[in-house]
Amino acid sequence: MTAPIGSLNSISGTASTAVDPLTAGAGGAMGKNQFIKLLIAQMTHQDPLAPQDGAQMASQLAQFSSVEQLQNINSTLSAQANSNASLVNAINNSSTLALIGKNIEVSDPQIDVGGTTPTSAAALNVPNGGGNLTMRITDMNGNTLSSQNMGSVTAGKHSYSLTTLTNGLAPGTYKVAFDFKGGTGAITNPTPLITTRVDGIQFGTNGAVITSGTRTFSAGTVVQVFAN
């Protein structure tokens, strides 16, 4: 009785040893060379008085051809995706070079006092309805060093100079914090947007990193670039 192509385990050991494991497909799936060897093995061991049904063989060949084409398409798409990712990364790295020497606004609470690139201002987006705002400078542990009541503020983006609050502080890294009290009376802490000057760009496996003095920022944290 003729064994179908998909069940050649019943064929003698000669056929099974004809399979070369080096030609296996991805994930252990049947590769092209394996399929051809199995097909030849079946034709060799089939009953000459009851050969393999030609229609069935043609159907199996068509199925294998379809699978092979899908595998090739998948490989091509994967290669294109990797190529596109590399291109996007190269473009992003190139575009960040134009930031050197410019002031940028980033979403980050840390500020630099003194040094070559002191943080000059901080901003926030006030929620709808407005409210009362207090701005504070803290050390890296969250201890308040200076504060200023900014009074009533309206909804929208507001920017504030840090000169008064940082006056007299030793050079170093600190944090700016906003205490916002809205109409409900609840106090929230919107994320500060700080302004700093870019003095260099570093390139690594994760893309471009912006440097400003001793600070580093990922390109994704940049909110705005100012024309100097």
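Checked against the criterion of being touching a helix residue (DSSP H, G or I) at 6+ places or on another chain (Cβ under 8 Å) and closer than 22 Å to L99 by Cβ, the candidates A208, A122 yield just one match: A208.
Here is a yes/no grid of residues against (1) outside any loop (DSSP other than H, G, I, E, B); (2) in the same structural domain as D199 (by TED's automatic domain parsing); (3) crowded, with 16+ Cβ neighbours inside 10 Å:
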| position | (1), (2), (3) |
| --- | --- |
| N128 | no, yes, no |
| I137 | yes, yes, yes |
| N149 | yes, yes, no |
| K157 | yes, yes, no |
| Y174 | yes, yes, yes |
| A177 | yes, yes, yes |
| G183 | no, yes, no |
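Restricting region 101-158 to residues that are farther than 14 Å from K175 by Cα and of a type in the set (K, R) leaves a set whose member that is farthest from the chain's Cα centre (by Cα) is K157.
As a summary of the residue check, A170 satisfies the conditions (1) within 35 Å of the chain's Cα centre (by Cα); (2) closer than 14 Å to I111 by Cα except for the one numbered (1).
Here T164, T211, T191 are screened, and the one residue that is among the hydroxyl-bearing types (S, T, Y) and either touching a residue at least 24 places away in the same chain (Cβ under 8 Å) or in a loop (DSSP other than H, G, I, E, B) (or both) is T191.
The values are calculated or read from the model by the stated rules, or taken from the named source; none is laboratory data. Please read these numbers as outputs of a predicted model, since none were measured by experiment. Positions of Cβ are backbone-derived with ideal geometry, glycine not excepted, and every protein chain shown enters the neighbour counts.
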